[in-house]
Amino acid sequence: MNQVAEACGLSKATLYHYFRDKYSMLVSIADGHVSHLQSLVQAPPAAGATPRQRLEQLIHRIVATYADAEYAHRVLTEDVRFLEPEDQARVLDKERQVVAVFARAVAAVRPELDEAGLAKPLTMLLFGMINWMFTWMKSDGALTHEDMAPIVADLFLGGLPAVGSERDLASRNGRKSSTRQSGVALR
């Protein structure tokens with residue numbers, strides 16, 4: 001708490017006025033960040049947006065938000081495991097809701113991939129790109145989050161047409177067609 005107070009330019013007593021302990025601060029950071037992400041994805045798309053434009057808007061919103069949320073995002077990706085079961089369940093449920101919005105947006109762009117059970121796995125791949133940008137992007141680097149948002153959208157949406165249906169993927173791999181049998185566990 002001393003380090004946090006010092007980093008915030010507050011006295012430890014002032015910090016304790018807002019947070020009773022480190023745990024309440026952890027809950028506040030994780031829940032607050034994921035709640036903010038939830039509000040971003042629940043915002044309506046621009047009027048007349050196509051499914052592709054809707055997905056682009058979602059990607060842009062999330063990437064732009066991460067520009068100023070490195071530490072909150074780090075807490076969300078690395079420290080939720082330290083939460084009590086009830087708090088952890090609430091935060092993870094909100095994360096699942098964010099993922100579900102993206103999966104529906106992916107499905108709207110390529111409905112056949114949703115029918116093949118691939119909308120959520122593809123969404124998780126997209127989040128794999130986005131969620132770890134904080135590990136390599138530097139605030140004083142040549143690229144900003146604003147620069148990266150269209151690049152992420154182009155890379156994902158440009159690759160999406162190349163993804164075959166579940167049947168195509170299964171026949172390429174010589175296996176039975178079922179993502180449920182693949183052994184992949186999704187949150």
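Exposure proxy ranking for Asp79, Asp140, Asp114, based on other Cβ atoms within 10 angstrom of each Cβ and starting from the fewest, stands as Asp140, Asp79, Asp114. Across the options Val34, Val99, Gly141, the greatest Cα extent toward the positive end of the charge dipole of the stretch 23-182 (unit charges at beta carbon of Lys, Arg, Asp, Glu) belongs to Val99. A value for Rg/Rh (Cα atoms, Kirkwood Rh) was derived from the coordinates, and within the list (i) 0.94; (ii) 1.04; (iii) 1.22 it appears as (ii).
For the chain, lysine pairs separated by 8 or more sequence positions, or belonging to different chains, with Cα-Cα distances below 23 Å total 4. Dividing the mean sequence gap of close Cα pairs (under 8 Å, 6+ apart) by how many residues the chain holds gives a relative contact order of 23 percent. Charge dipole of the chain (Cα centre as origin; +1 on each Lys and Arg Cβ, -1 on each Asp and Glu Cβ, all else neutral): 620 debye, rounded to the nearest 20.
Coordinate-derived values only; no laboratory data. Please read these numbers as outputs of a predicted model, since none were measured by experiment. All Cβ positions, glycine included, derive from the backbone under ideal geometry; neighbour counts span all protein chains shown.
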